[in-house]
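Every read-out reported here was derived from the displayed coordinates using simple, explicitly stated rules and does not represent laboratory data. Not measured: the values here are computed from a predicted model. Virtual Cβ from ideal backbone geometry, glycine too; neighbours counted across all protein chains shown.
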Protein chains: 2
Amino acid sequence: MAIPTKKPDKKRRISESTIHRLSLYYRALTLLEKENYETVSSKELARREKLTPAQVRKDLSFFGSFGTRGLGYPVNELKNKIASILGIDRTWRVALVGVGNIGSALVSYKEFMKQGFQIVKLFDNDQRKIGSNHKGIIVSDINNLEKELKEAGIELVILAVPATVAQYIVDNVVKAGVKAILNFAPVNLRVPDDVYLRNENMSMELEYLSFALVNNLSQKRVNEG
Amino acid sequence: MAIPTKKPDKKRRISESTIHRLSLYYRALTLLEKENYETVSSKELARREKLTPAQVRKDLSFFGSFGTRGLGYPVNELKNKIASILGIDRTWRVALVGVGNIGSALVSYKEFMKQGFQIVKLFDNDQRKIGSNHKGIIVSDINNLEKELKEAGIELVILAVPATVAQYIVDNVVKAGVKAILNFAPVNLRVPDDVYLRNENMSMELEYLSFALVNNLSQKRVNEG
DNA sequence: AATGCCATGTGAAATGGTTCACAAAACAGT
DNA sequence: ACTGTTTTGTGAACCATTTCACATGGCATT
Ligand SMILES: NC(=O)c1ccc[n+]([C@@H]2O[C@H](COP(=O)([O-])OP(=O)(O)OC[C@H]3O[C@@H](n4cnc5c(N)ncnc54)[C@H](O)[C@@H]3O)[C@@H](O)[C@H]2O)c1
Ligand SMILES: NC(=O)c1ccc[n+]([C@@H]2O[C@H](COP(=O)([O-])OP(=O)(O)OC[C@H]3O[C@@H](n4cnc5c(N)ncnc54)[C@H](O)[C@@H]3O)[C@@H](O)[C@H]2O)c1
């Protein structure tokens, strides 16, 4: 009889909520670092992001043992570890399609760059916008999308075009081999199984607030984001 | 012994996910209506939003019986019913604080109005912006926030200010009696228990995509939003 | 009026996520 | 070296959500 190893190739499936919370821990640790904390307990980390200490420890335990019993977690080390888990300890090459209201706001946003998401390409179909300069980036013609996405080695695309054309653009983005898309259009897009698609849906949050108001929801924690 | 009534004052707690899916059903039904569908099955509704038929039926059953066995759900009727559940069968008076990059984009967005969220007040602390006109609304001085929120009967506030001042603004919004806040700043804000706060966190979605890419997540459904 | 068919509505089962509770580990102080 | 204190790491218990499966009800057609 074989002696069982401690973790026999166990395929752990990490939940979406856990990943979202890692983002929160990362944010809190960044702040703690600025405040010159050396270590932090699960209790303090939980307090800062309105979670429970047990939740914090459980989440982290999926990825390893980063703390010291009796002391807590080393702030800088844990922050780096989470960055590595999330894959933000590197730079991602990002393109943005649709330089309209929301698109322009996103290009101007410096925090994304700081977190490793570097917008290096812009696309639009409006002749007045093509060729114009946004934060040092020249807007490309949407007709060259596939070719230029490949040439620029784009790994992630942000979609900020009208809902009516979003599916058409996505199809071309997929053709260019891009595997990750963040979509702002309020529409359910079809992508192949090997392409990751996330939707940013602001109406959904407004509608949740509306629901809470009319139903006098008892407020435990309405959101963790 | 009392004969038990069928639903003896049962306090049903509706989950956050169910409410989010109601938003999706609403969106799908709006489209179905435009396409002149009279009725729709849970199967078709599920297909359009990448959910399961059982999920659709279960979600709706929390609020009543809206369908006809063998036929499906009446599109227009169900749409109205969901609007009523979500509280978007009316107009909400909304103020937006911080008329910067993202704030300007939100003011220009006509879809919110169509869904009953009517932005009627803008606030900023930048002298160059105060008094200026955005889509017919004059930007007010942040110093008059509490007073003007009350006067205008604002029920919901969208926060698009820098993270550093967000808590300060929220405190004043709460003082003005506003019970619902949608926050875009990447910071965990403190509000009293009777105030509903939701956060729109774009970094979180980008980081999820990053995690998916570096971990080659098996793709079932990465997002439902 | 009777039959066949279809899709809802819903308990019950299964799955997944969160909280509990405590042994184990590390440090500090004596 | 020993004792007390603190906080981690983690199975197990608990709770919530999703999926299953089927009885039920209604329509259509004959
Ligand atoms: N503005 C907001 O606050 C907001 C909020 C939530 C969601 N959204 C969604 O984000 C998307 C963009 O909204 P917006 O307000 O920025 O709209 P917008 O009209 O200001 O911007 C859309 C941009 O896409 C470009 N475009 C149109 N067709 C194109 C094509 N075929 N190829 C390339 N570019 C094309 C337009 O030229 C324009 O620059 C929409 O789907 C909208 O529903 C916007
Ligand atoms: N731009 C984006 O794409 C983006 C994306 C995600 C999150 N955010 C967040 O949204 C918020 C706004 O971002 P932005 O890019 O629009 O920044 P911005 O600097 O363009 O806009 C901020 C606005 O708030 C105003 N403001 C500053 N202090 C104020 C005060 N005390 N009272 C009233 N108004 C005040 C400024 O005058 C400015 O008009 C930030 O918290 C940012 O982190 C922005």
Relative contact order for chain B, counting Cα pairs under 8 Å that sit 6 or more residues apart, in percent: 14
Among A:GLN55, A:LEU22, A:VAL40, the residue whose Cα sits farthest towards the positive end of the charge dipole of region A:16-86 (+1 at Cβ of Lys and Arg, -1 at Cβ of Asp and Glu, taken about the Cα centre) is A:GLN55
Interchain or sequence-distant (5+) residues whose placed amide H lies within less than 5 Å of the amide H of B:GLY72 are none
If you build the convex hull over the alpha carbons only and average its shadow over all orientations, what do you get for the protein assembly as shown? Give it in nm² to one decimal. 29.8
Pick from B:ALA54, B:ALA163, B:ALA176 the residue whose mean-square fluctuation is largest in a GNM of chain B, springs joining Cα atoms under 10 Å. B:ALA54
Inter-copy label distances at B:GLY153 (7 Å, Cα→Cβ; nm, one decimal): 5.9
Nonlocal amide H pairs with B:SER132, under 5 Å, H built at 1.01 Å: B:VAL139
From the label point of B:SER132, set 7 Å along Cα to the beta carbon, how far off in nm is each other copy's matching point, shortest first? 1.5
For region B:54-170, what does the relative contact order come out to in percent, with C-alpha contacts under 8 Å and a separation of six or more? 26
Placing a label point 7 Å from Cα toward Cβ, how far apart in nm is A:GLU38 from its equivalents in the other copies, listed shortest first to one decimal? 7.6
If I take the rotation axis that carries chain B onto chain A, which residue of chain B has the nearest beta-carbon, and at how many angstrom? B:ALA105, 2
Have a look at A:SER61, A:SER210, A:SER41 and tell me which one the Gaussian network model of chain A (Cα, springs below 10 Å) gives the largest fluctuation. A:SER210
Are there trypsin sites (Lys or Arg not before Pro) in region A:126-166 that DSSP marks as loop and that have at most 13 other Cβ atoms within 10 Å, and which are they? A:ARG128, A:LYS135
Any trypsin sites (Lys or Arg not before Pro) in region A:43-80 that lie in a DSSP loop and have at most 15 other Cβ atoms within 10 Å would be A:LYS50, A:ARG69
Ranked by GNM mean-square fluctuation in chain B (Cα springs under 10 Å), the top entry among B:LEU209, B:LEU78, B:LEU197 is B:LEU209
